[in-house]
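So the structure is just underneath, and the comments pick up after that.
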Amino acid sequence: MRRTTTPTATAARFLAAAALAALTSCAAPDTRPPGPPAGLTAQAGSATSVHVMWQSADAREGVTGYQILQGGALVRTVPAEKTMVDLTGLAPLTSYSFTVRAEDAAGNLSAPSAAAATTPAATAEDHRPPTAPPSTSGHPDGARAAVLTWAPATDDAGVTAYDVYQGGVRIHTVGGAQTTTRLSDLQPDTVYTFTVRARDGADNSSPDGPPVDVTTATATGRGPGTAPADLTATASAGTVTLSWIPPDTGRPTAEYQLFVNEQPTTVIQFGAGAVPAGRAEYRLAVAEPAGTVWALKLRARLPDGNWGSFSAERRVPLV
């Protein structure tokens, strides 16, 4: 039987749609600004540059980016996922004040947060970098932070800053008189490998200091850490040998996924009766030319079938 639509029903639907459109169009615009960035610091990295850092905004704020101002003038904008920036081309031995404002999708700007910085005096024709910090230590500070401490580096003109690197990326900078710092915005149950470099007033950077692995604590309510520990990678002719301590999952771990240069390469499986009771070892055949650098990390298959957290990454030149 064919169904017909009465004019009354059509009119009712039209009125309902019109009412919904009216309600939508009358919705109040977003005029509430996000909160000001917290934890703002400005640290001179050299005689002509300053490193500005701040804490990321709460995800509920809907921040889409940050504005960096110098003396009230806009000098840089960065996306929401970035919380640090280097400002260069400054004058030596000069005091500066920087402001950072958060911006949301509606264009609302937060109140500013200000920090001061003074650039050191310039040193003419300084091409000699500082020595690397001779030692580094670290420990987790809960599930999302870590504390690093290092021994001071030396420089003929004086160390003006220390830069903290993770995975080859600079993530933090402190002043040259500081030899400890707290790193925040980390992930739970994750192994981080940190290195520290010293920098002088001419922006000469030292080699990396000794790396240190720090494993953040598990999130509240979770069990032991799931990352393989103490990974080592040793290259010999045609072979790379990996060795690690299996995670404590409550059962023997028989399967691991190996990543080389951030790409999944193979699944390591230990057969029945061959699952290591202690330290595990695996040899990987190499076909690439000598001098090629591999970055290796792995993760374990957990009893629930999921993959656990990654081990620390190890970089090794092939021979």
Problem - Environment charge at GLU61 (Cβ cut-off 13 Å; Lys +1, Arg +1, Asp -1, Glu -1) - result: -1
Handout entry: GNM flexibility winner over the chain from ASP155, ASP213, ASP30 (Cα, springs under 10 Å)
Key = ASP30
Practice task
For region 126-212, would you read off the P(r) tail past 19 Å as a percentage of all alpha carbon pairs?
Solution key: 33
Problem - Relative contact order for the chain, counting Cα pairs under 8 Å that sit 6 or more residues apart, in percent - result: 13
Fill in the blank from the handout: Given 177-187, 136-146, the highest-first ranking by average Cβ count within 10 Å works out to 136-146, 177-187
Problem - Most to least packed among 64-75, 197-208 [average Cβ atoms within 10 Å] - result: 197-208, 64-75
Fill in the blank from the handout: Ranking PRO134, PRO120, THR232 by how far each Cα lies towards the positive end of the charge dipole of the chain (+1 on Lys and Arg Cβ, -1 on Asp and Glu Cβ), the top one is THR232
Exercise for the section: Taking the Cβ of ASP156 as the centre, find all other residues whose Cβ is under 13 Å away and add up their charges (Lys, Arg: +1; Asp, Glu: -1). Expected result: -3
Exercise for the section: Please report, in debye to the nearest 20, how large the charge dipole of the chain is about its Cα centre when each Lys and Arg carries +1 at its beta carbon and each Asp and Glu carries -1 there. Expected result: 1260
Completion exercise
Percent relative contact order for region 212-319, counting Cα pairs under 8 Å at least six residues apart, stands at 33
Exercise for the section: Kindly write out, for region 95-110 in residue order, the coupling ³J(HN,Hα) from the Karplus curve 6.51 cos²θ - 1.76 cosθ + 1.60 (θ = phi - 60°), rounded to whole Hz, with x marking Gly and Pro. Expected result: 8, 10, 10, 10, 10, 10, 10, 8, 10, 9, 5, 8, x, 6, 10, 6
Problem - Unit charges at the beta carbon, dipole of the chain: most positive-side option, PHE310, GLY71, SER184 - result: PHE310
Exercise for the section: For the chain, with all protein chains present and a 1.4 Å probe, just round the carbon and sulfur fraction of the accessible area to a whole percent. Expected result: 54
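The values are calculated or read from the model by the stated rules, or taken from the named source; none is laboratory data. None of these values were measured; they are calculated from a predicted model. Glycine gets a Cβ as well: all are built from the backbone with ideal geometry, and neighbour counts include every protein chain shown. All accessible areas refer to the heavy atoms of the entire protein, side chains included, with ligands and DNA or RNA removed. Shrake-Rupley method; radii C 1.70, N 1.55, O 1.52, S 1.80 Å.
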